[in-house]
1. Can you tell me which residues in region 84-98 are over 17 Å from Leu110 (Cα atoms) and surrounded by fewer than 17 Cβ atoms within 10 Å (Cβ to Cβ)?
2. So Val116 passes all but one of these: (1) surrounded by 18 or more Cβ atoms within 10 Å (Cβ to Cβ); (2) assigned to a loop (DSSP other than H, G, I, E, B). Which condition number does it fail?
3. Residues of region 71-94 being over 18 Å from Val155 (Cβ atoms), among the acidic types (Asp, Glu) and assigned to a helix (DSSP H, G or I), which ones?
4. Only one residue in Ala175, Ala180 is at pLDDT 90 or above, of a type in the set (A, V, I, L, M, F, W, C), closer than 30 Å to Phe154 by Cα and exposed (fewer than 15 other Cβ atoms within 10 Å of the Cβ). Which one?
5. For region 165-184, check the following and say yes or no: at least one residue is over 30 Å from Gln68 (Cα atoms) and in contact with a helix residue (DSSP H, G or I) (Cβ under 8 Å, 6 or more places away or on another chain).
6. For a quick check of your reading: which helices (runs of 4 or more DSSP H) sit entirely within region 160-245 and have at least 3 residues that are in the same structural domain as Asp140 (by TED's automatic domain parsing) and of a type in the set (Asp, Glu)?
7. Just to verify a result, which residue in region 122-160, among those that are over 15 Å from the mean Cα position of the chain (by Cα) and more than 23 Å from Gly196 (Cα to Cα), is surrounded by the fewest Cβ atoms within 10 Å (Cβ to Cβ)?
Amino acid sequence: MPKSTAKSKAKAAKSKSKAPKPKPKPKAPKAKAPKPKAPKARAGSKATPEPEPAIRVFLLDDHEVVRQGIAELINGQPDLEVVGSHGHVDGAVDAAVAAVPDVAILDVRLGDGTGVEVCRDLRSNHPEIACLMLTSFADDRAVVDASVAGASGFVLKQIQSNDLIESIRKVAMGAQLLDAAEVRMALDRLRNSVEGRVDSLTEQEHHIFELIGEGYSNRQIAKELYLAEKTVKNYVSNLLAKLGMTRRTEAAATAARLDERQRMRER
């Protein structure tokens with residue numbers, strides 16, 4: 001082989017070996033792993049409901065020990081709270097309204113009046129407040145008085161704690177614990193009772209009936225009421241007929257018995 005050719009090949013090979021090496025291609029960035037998504041709520045599933053606000057209760061009773069005892073019982077329930085209390089009829093309506101209760105528990109008999117008056121005022125002007133009457137006697141008079149005042153029910157002071165709590169919850173939800181049929185029957189029994197017949201007397205007849213119970217004679221009644229004795233005699237005859245009695249002594253005994261019953265209710 002000629003020398004010139006060999007040299008040419010050697011030179012070409014040398015220049016080829018000196019050629020720059022190609023740069024490596026940049027690697028593509030690794031794709032980031034997707035963040036796990038929060039599980040979707042199943043169709044029909046509901047969010048956790050917020051707790052219901054506590055039932056607000058107002059207490060009216062003229063015995064502080066009774067108020068404290070009932071308050072402790074109510075405040076011991078997770079869904080009930082006492083928001084106000086009062087010990088007298090005077091100022092009770094204003095105190096109750098200011099407390100904004102859902103339920104007002106009202107004692108029927110207080111030192112300066114009755115819870116029936118307070119119930120009537122509350123239900124007339126603030127019908128959103130349910131009233132539960134508290135009484136010592138489960139008689140027809142208590143049933144009728146509670147119904148007429150617009151109360152949702154009445155409970156005895158001797159009631160079991162659990163029953164009182166359930167009664168508060170029920171009336172707060174709008175339940176009526178006074179059955180209409182029960183009220184009608186109580187009213188019928190009351191009208192047919194001696195007490196009911198006494199209620200049918202006129203104001204003047206009722207006054208004379210009370211004086212008879214205190215032992216007044218017709219002459220003494222006439223002097224007390226500035227009436228003629230003959231007029232008093234006519235009144236006595238009329239009231240005896242209304243009461244279904246024939247003798248004055250029956251009226252006197254009845255008046256004394258009803259007075260004693262009223263005193264017991266007010267204790």
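1. Ala98
2. All conditions are met except number (2).
3. Correct list: Asp94 only.
4. Ala175
5. yes
6. none
7. Result: Gln158.
Rundown of residues vs (1) modelled with pLDDT of 90 or more; (2) farther than 20 Å from Val171 by Cβ; (3) in a strand (DSSP E or B), yes/no style:
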position	(1), (2), (3)
Phe58	yes, no, yes
Ala96	yes, no, no
Pro101	yes, no, no
Ala104	yes, no, yes
Cys131	yes, no, yes
Asp145	no, no, no
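The values are calculated or read from the model by the stated rules, or taken from the named source; none is laboratory data. The model shown is predicted, which means the values in this text are computed figures rather than measured ones. So basically every Cβ, Gly included, is an ideal-geometry build from the backbone, and we count neighbours across all protein chains shown.
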